[in-house]
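Encoded as structure tokens, the structure appears first; notes follow it.
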Amino acid sequence: MLLNLEAVTKNFGGFQLHPLNLSIDRGEFFSLLGPSGCGKTTVLRLIGGFETPTSGRIILKGQDITRLPPHKRNIHTVFQRYALFPHLSVFENVAFPLRLQKLPSAEINSRVAESLKLVEIEDLKDRRTHQISGGQAQRTALARALVAKPDLLLLDEPLSALDPELRMKMREELKTICKKVGITFLLVTHDQEEALQLSDRIAVFKAGQCLQVGTPKAIYEDPTDSFVARFIGSVNEILGELQGEPSPETGEMALSSSVGTFKIKKNGQPLPRQVSIILRPEKVRLLRSKSTTQENLMEGEIQDQTYLGSRTEYAVKIGNSTFKVFEQELERLKKRRLNTGDRVFLAWRSDDAIVLPQSV
Amino acid sequence: MKQTQILPSSAWAFLIWLIVMTLVPFSIILGMSFLERTELGTILFSFSFKNYQQLFDWVYLKVLLKTVWLALMATLSCLAVGFPVAYYLARVQGPMKSLGLILLFIPFWTNFILRIYGIVSLFGSNGILNQLLSAVGLPKASILYTRWGVYVGLVYNYLPFLVVPIYSSLEKLDPFLREAAADLGAARFQTFRKVILPNIKEGVFIGSLFVFIPMLGEYVIPDLLGGAKEAFLGKVMVEQFFILQDWPLGSAIATMLSVLLLGALWLQNRWASKNQNGAKEVSSAV
């Protein structure tokens, strides 16, 4: 393990970080994901050394760095607003950490050049920081944080200040650069799509607590908490009560809810009677007529539809709840056109439902 | 853009005030500095550079050098005292910040002459300082009515004018620059020397210049705290007008001081517009 957080806590103002245990592997692209105020930035600042934990230990490469000041940690940061030095050129900004190490100037020149090349801004090296664009400042900040080859690179919402098109492009590049330089990246973001696309593993935070750590696929498909499920991707939620006992062979059991009775599958973990069923919109099929071959079926009416080009999003009203489903364009064109108020059926398989305890 | 009016009507009042109270007197002074005076002290309308040549007389040059030296020392002392204060105020948060700023500004609400008399009662021969010194058995310090009196008065009076620009340039600095420097391996002093100082040095320099130049022309402080022996440029200038009746020479001294002040303003402007161009370049680059 490259970095270990052992029961790290932090209290300040009204905020409390619950004891956090986290391990990050060498070369990994790890993301801390959560809404603003969830504590993810605090965790980053604790690792960077800008805050000291109230309790617990931070171990980097086997060395306890809990109380080490930032300048003694071999961890560099790409700040949200870049924090480039306005009195220095792009070149000198990138050379800054190397000059502090008093390296020979020939080595500084070649390493800065290499770093600028990596982020493709060699031709901007003589510019002042106020003469470059936001995207270029971003690249400069990245080059500056990478040039001294830190053990760990921290990225504090680095793409949030960029316009959407540039953000997409930088995402691709971040991933490529991470793999190319072999440095461990720790990204803080509130953008779930960004976390899914970039990360090897994600830790989801809410109100000072780490709810789940896992690969993007695990977080998306097997959330252990309904907050995680709702935060990553869109969801349809059914609140209900489990009936009877699970069948010994299949693990299937019945669920009764305000929108009908369904068959669901328990995945092992003990559950209370009151549960919440999470259905991803892409796991629900939209049918124009009743079908008997489907495991679970709900009847409702079209409330709204939004054409999104490659697919259409429908809002279907069932009882007092509204469900969101997609239909691919190819599928939609083959079938009858739907209008608001049309009766439709939603079908889903018990395997595709995520069953969680109801959150309070 | 509308151009029905050259200036809004309210601005005319200010413009007239500016012309009557500043531009006209300044022109008179400027014109007079090129005139001569008769033995009787009346003004002779003949153009000459005599007054400016006279400024290079050893008598005046000595006063000028002494004044420059004292103002320079006082400015450096203001820096030495004021910089840590400004630095502290910019970094501290909460009630200490408000308290510090209030303490800094309270003297401005007190009459200038009263403040000077405050110094007199502190440093006079029977002042608080000397009473304390004799209480512990030390000899009296004669500060008042020496150049030290002028020095103390200058530092005390001009200190806030230097603290404020330094404080504001520190405040304007992105707080993340400090973190970025530490993050990249700079210890506290390295951060200060390599990041903080280079970014505020213009503010510090301009602030110092704006303290230094008015000090050169200071009249009241040397007059009240320096006594009769201490020749100070501002005092010499006033004496030319009201005691020696040499208005043209007094005007030449006044003109010289004004030119220095304008030079400082020009320098500040140049820096300000340089930074503005910087800002424009950003917006065009984005």
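For (1) without any contact (Cβ under 8 Å) to a residue 40 or more places away in the chain; (2) in contact with a Leu (Cβ under 8 Å, 6 or more places away or on another chain); (3) small (Gly, Ala, Ser); (4) in a loop (DSSP other than H, G, I, E, B), each residue gets a yes or a no:
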position: A:VAL228; (1), (2), (3), (4): yes, yes, no, no
position: A:LEU239; (1), (2), (3), (4): no, no, no, no
position: A:THR250; (1), (2), (3), (4): yes, no, no, yes
position: A:ILE264; (1), (2), (3), (4): no, yes, no, no
position: A:VAL275; (1), (2), (3), (4): no, yes, no, no
position: A:LEU297; (1), (2), (3), (4): no, yes, no, no
position: A:ALA315; (1), (2), (3), (4): yes, no, yes, no
### Query
Taking the stated definitions as given, is B:VAL204 within 14 Å of chain A (Cβ to nearest Cβ), closer than 24 Å to B:MET73 by Cβ and out of contact with any Lys or Arg (no Cβ under 9 Å at 6 or more places or on another chain)?
yes
### Query
Looking only at residues in segment A:73-94 that are without any contact (Cβ under 8 Å) to a residue 40 or more places away in the chain and assigned to a loop (DSSP other than H, G, I, E, B), which one is nearest to the other protein chains (Cβ to nearest Cβ)?
A:HIS87
### Query
Regarding B:TRP247, is this residue touching a Lys or Arg at 6+ places or on another chain (Cβ under 8 Å) and either buried (at least 19 other Cβ atoms within 10 Å of the Cβ) or not polar (S, T, N, Q) (or both)?
yes
## Note on the structure
When segment A:144-164 is checked residue by residue, the ones that are facing another protein chain (nearest Cβ under 10 Å) and either more than 21 Å from A:VAL43 (Cα to Cα) or part of a strand (DSSP E or B) (or both) are A:ARG144, A:VAL147, A:ALA148, A:LEU154, A:ASP156, A:ASP163
## Note on the structure
A:THR41: passes all of (1) within 24 Å of B:THR191 (Cβ to Cβ); (2) crowded, with 18+ Cβ neighbours inside 10 Å; (3) modelled with pLDDT of 95 or more but (3)
### Summary
Among residues of segment A:95-135 being of a type in the set (Lys, Arg), assigned to a helix (DSSP H, G or I) and over 30 Å from the mean Cα position of the chain (by Cα), the residue nearest to the other protein chains (Cβ to nearest Cβ) is A:ARG99
### Query
So, in segment B:172-189, of the ones that are under 23 Å from A:ASP151 (Cβ atoms) and surrounded by fewer than 16 Cβ atoms within 10 Å (Cβ to Cβ), which residue ends up farthest from the other protein chains (Cβ to nearest Cβ)?
B:ARG188
#### Entry: Hey, B:ALA181 in contact with a Leu (Cβ under 7 Å, 6 or more places away or on another chain) and of a type outside the set (Val, Ile, Thr) or not
no
### Task
Mind listing just one residue for me: the one in segment A:28-76 that is polar (S, T, N, Q) and more than 19 Å from A:LEU211 (Cα to Cα) and, of those, farthest from the chain's Cα centre (by Cα)?
A:GLN63
### Task
Return yes or no: is A:PHE205 in a strand (DSSP E or B), at pLDDT 95 or above and hydrophobic (A, V, I, L, M, F, W, C)?
yes
## Note on the structure
Of (1) surrounded by 14 or more Cβ atoms within 10 Å (Cβ to Cβ); (2) at pLDDT 90 or above; (3) polar (S, T, N, Q), A:THR340 satisfies every one except (1)
### Query
If you check B:SER48, B:SER121, which single one turns out to be within 25 Å of the chain's Cα centre (by Cα) and surrounded by 11 or more Cβ atoms within 10 Å (Cβ to Cβ)?
B:SER121
### Query
If A:THR184 satisfies every condition in (1) polar (S, T, N, Q); (2) within 13 Å of chain B (Cβ to nearest Cβ); (3) over 26 Å from B:ARG193 (Cα atoms) but one, which is the exception?
(2)
### Query
Is one or more of the residues making up segment B:101-110 under 30 Å from B:THR255 (Cβ atoms) and surrounded by 14 or more Cβ atoms within 10 Å (Cβ to Cβ)?
no
### Task
Kindly check whether there is at least one residue in segment B:263-274 that is modelled with pLDDT of 85 or more and either farther than 30 Å from B:GLY82 by Cα or surrounded by 15 or more Cβ atoms within 10 Å (Cβ to Cβ) (or both).
no
### Message
With the requirement that a residue be at pLDDT 90 or above and outside any helix (DSSP H, G or I), what does segment B:112-157 give you?
### Response
B:VAL136
#### Entry: Identity of the residue in segment A:50-72, out of contact with any strand residue (DSSP E or B) (no Cβ under 7 Å at 6 or more places or on another chain) and within 14 Å of chain B (Cβ to nearest Cβ), that ends up surrounded by the most Cβ atoms within 10 Å (Cβ to Cβ)
A:PRO70
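The values are calculated or read from the model by the stated rules, or taken from the named source; none is laboratory data. None of these values were measured; they are calculated from a predicted model. So basically every Cβ, Gly included, is an ideal-geometry build from the backbone, and we count neighbours across all protein chains shown.
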